[in-house]
Structure formats: C-alpha cells, structure tokens
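Reading through the structure tokens given below for one structure.
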Amino acid sequence: MTTLGLIGSGNIGSTVARLAVAAGIDVVLSNSRGPETLAGLVAELGPRARAATPAEAAAAGDLVVVTVPLKAYQDVPVAPLAGKVVLDTNNYYPERDGAIAELDADTVTTSELLQRHLPDAQVVKAFNNIYFEHLAALARPAGAADRSALPVFGDDPAAKIAAAHLIDALGYDVVDGGTLAESRRSQRDTPVYVRPYAVPGDSWPPAAATTGDIAAIRTALAAAEV
C-alpha cells in the first residue's frame, strides 16, 4: 500500500498516523472539525501527511482507518469506501455514545454495525483493544523478541490479510480472532482489552509492558466470556 486514509485523528488515529509515516506510508488525515484543525499534526508528521475531509481521506486511502466515536459511525462516508478495506477501531462506551439497544442486547457487535453502514466495504476490527500510549510505545521491527501482537476480526479473509500487512508494517504481529461477530472477544473489559500490554496494577494510564505476544493474545481471546 502507498496511502493510508484516516477518518478520525484523535488519540488512536494520530498514533496510527505516526507509526505509518515512520514506516514510509503516506497518510491522509481527517476529522469532523475540518482539515485546518489538523495543521499542527500534519506539520509534525511532515511531507508524507496531508489533511482532508473525511470523504477525501476515504477516497485517497488504499486502506482506511475509521476511528471516530461510535455514536458518529453513521457519519462515515459510504460511497468513497466501496470496495475498500476499512479498519474499525471502535468500542462501545454508553457514557459517551448513549445507549444502543442492539449492543446492550448483545445481538450485534460494533463492527457489524459499521459493516451494515458500509455494505460495499470490507470491515476489519483492529486497534480497539490497546491503549494509544501502548500502541505508540510497543511497536517493534519484525522478528523482534519482544514484539507484541494485535488481534483482527473480519468476515473477508483477503481483507484480514491486507489489514495484517499494514499492522505488521506498523510494528506488530497479528492474531486472527475470527469473524466480526467474534470481535466481541476484544471489546471493553475483556481479557485482551489493554491488560496484555500493561504493567499490572490499578494506576491509569498503566505503564506499557512487553507481554502482549502472540501466545498471550491468543490466550486472552480464548478466555473471553461470550
């Protein structure tokens, strides 16, 4: 891939952008407030980065990361994402997003909601289980002994492979967690959420550890009560 589009440029989005630029990938950033509000981040990232509208970022990206609050998922542009792999970082936080009946009833996952909104895209769940500071701190080259892993979920095998290539370039191994329905194994408060990458304790934010390897992530996913 040559260009990564980002719809949302908050903590996770800006961290993914920094890792992408470090890996030699061009990024097109966007948010809900307008390209001009991203001038500082673009300046920090350098010539591989530019700011745009969400629709422009969607159109420009070979892969696109959607990292907006879940309550805003229906604002994600549909047409320019047709045929594209879309990485969804969302978690459901009712105190932020308001109550969503289907999620409260556990009849659907957050990524299935986004897939329903983007019927012609291939949605892959990724980056939702790691704290953004850990995501920045734990990236390692391929083959590093202390490399961490991230789970991905999706219904399209080719899309998961594309997502895995991106995540590998950003500095992480990948564990295939299954389908979008199975992505509930990585949602908030599951064993794989934050804890595998963090030093144990009650402090917040926790310090980054280096225990989130492939075996640890597989074990945590298997331990989820779903």
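Data overview
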{"item": "Test: residue in the range 134-143 that is farther than 30 Å from ALA209 by Cβ and open to solvent by 20 Å² or more (accessible area, probe 1.4 Å)", "result": "no"}
{"item": "Tally of residues being among the hydrophobic types (A, V, I, L, M, F, W, C), in a loop (DSSP other than H, G, I, E, B) and at pLDDT 95 or above across the range 1-53", "result": "3"}
{"item": "Top-ranked residue in the range 156-177 [being open to solvent by less than 50 Å² (accessible area, probe 1.4 Å) and in contact with a Pro (Cβ under 9 Å, 6 or more places away or on another chain); ranked as farthest from LEU113 (Cα to Cα)]", "result": "GLY171"}
{"item": "Out of ALA121, ALA82, ALA17, ALA101, sole residue that is in contact (Cβ under 8 Å) with a residue 40 or more places away in the chain and of a type in the set (A, V, I, L, M, F, W, C)", "result": "ALA121"}
{"item": "Subset of the range 124-133 that is in contact (Cβ under 8 Å) with a residue 40 or more places away in the chain and aliphatic (A, V, I, L, M) - its residue that is surrounded by the most Cβ atoms within 10 Å (Cβ to Cβ)", "result": "ALA126"}
{"item": "Residues of the range 178-195 satisfying the condition of being in a helix (DSSP H, G or I), buried (at least 16 other Cβ atoms within 10 Å of the Cβ) and either aliphatic (A, V, I, L, M) or modelled with pLDDT of 95 or more (or both)", "result": "GLU182, SER183, ARG184, ARG185, SER186"}
{"item": "PRO205 open to solvent by 80 Å² or more (accessible area, probe 1.4 Å), in a loop (DSSP other than H, G, I, E, B) and either over 17 Å from ASN90 (Cβ atoms) or not charged (D, E, K, R) (or both)", "result": "no"}
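The values are calculated or read from the model by the stated rules, or taken from the named source; none is laboratory data. Worth saying up front: this structure is predicted, and the values here are computed from it rather than measured. So basically every Cβ, Gly included, is an ideal-geometry build from the backbone, and we count neighbours across all protein chains shown. Areas reflect the complete protein model, heavy atoms only, side chains present, ligands, DNA and RNA absent. Shrake-Rupley method; radii C 1.70, N 1.55, O 1.52, S 1.80 Å.
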